[in-house]
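The values are calculated or read from the model by the stated rules, or taken from the named source; none is laboratory data. Every value quoted in this text rests on a predicted model; they were computed, and no experiment measured them. Here Cβ is always computed from backbone atoms with ideal geometry, including for glycine, and neighbour counts include all displayed protein chains.
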Amino acid sequence: MRTFTGTVLALDLATTTGWAFGAPGHLPEFGHLRFTKKGSSRAETYRAFRNWLDITWGKRGEMPDLIVYESPALSMHMGGKTNIDTTRLLMGLAEHLEEWAHGRCDLREATASQVRCHFIGQNLRASIAKPMVLERCQAMGWMCGTTDESDACALWDYQCCWLDPQIAARSTPLFYPKRGPTTFEG
């Protein structure tokens, strides 16, 4: 099997999108952005998303070799908590990304449950999982400021571990940096 030596861009597509970028085995760059203000049309959001892709990633000196995004969750899987407009927006962002990436780079997707099981060891509901993912990122030295950023970093780590299993072994809790001296009393 050939070793992946490129870069990965992870996108947590949402109203506020988190992103993480870097090569497996290195620290990721990350951030978040809202493409349009609240109340904007889906068309405006799609256009702003495409412009961001073109300007930030298409004209960058280094195009990502692989993009991974979180699969849009359908409202039936969210306990009815996602309305039809949000579902359409998320599906539309994923479709625009697929078209944009075609012929430029590899594109993969992962579900939130796959990423959470990988990153925090279990698939908990978002209200519980998101703070845990943020805390885990910070424990790894990735000083994410929002759960959008930490979700993107977790997705990036998930994909990097699939590309290089040696990274997966190093990112398990067994190999976390210690948080201070350990003493044994006997």
*Just need a number here: residues in segment 91-109 that are hydrophobic (A, V, I, L, M, F, W, C), within 12 Å of Pro72 (Cβ to Cβ) and touching a strand residue (DSSP E or B) at 6+ places or on another chain (Cβ under 9 Å).*
3
*asked:* So in segment 17-49, with the set limited to residues that are among the hydroxyl-bearing types (Ser, Thr, Tyr) and modelled with pLDDT of 95 or more, which one is nearest to Ala168 (Cα to Cα)?
replied: Thr17
_Test: residue in segment 151-170 that is assigned to a helix (DSSP H, G or I), among the basic types (Lys, Arg) and in contact (Cβ under 8 Å) with a residue 24 or more places away in the chain_ = no
_Selection from segment 1-56 of residues that are in contact with an Asp or Glu (Cβ under 7 Å, 6 or more places away or on another chain), loosely packed, with under 15 Cβ neighbours inside 10 Å and on the phi > 0 side of the Ramachandran plot_ = Gly25
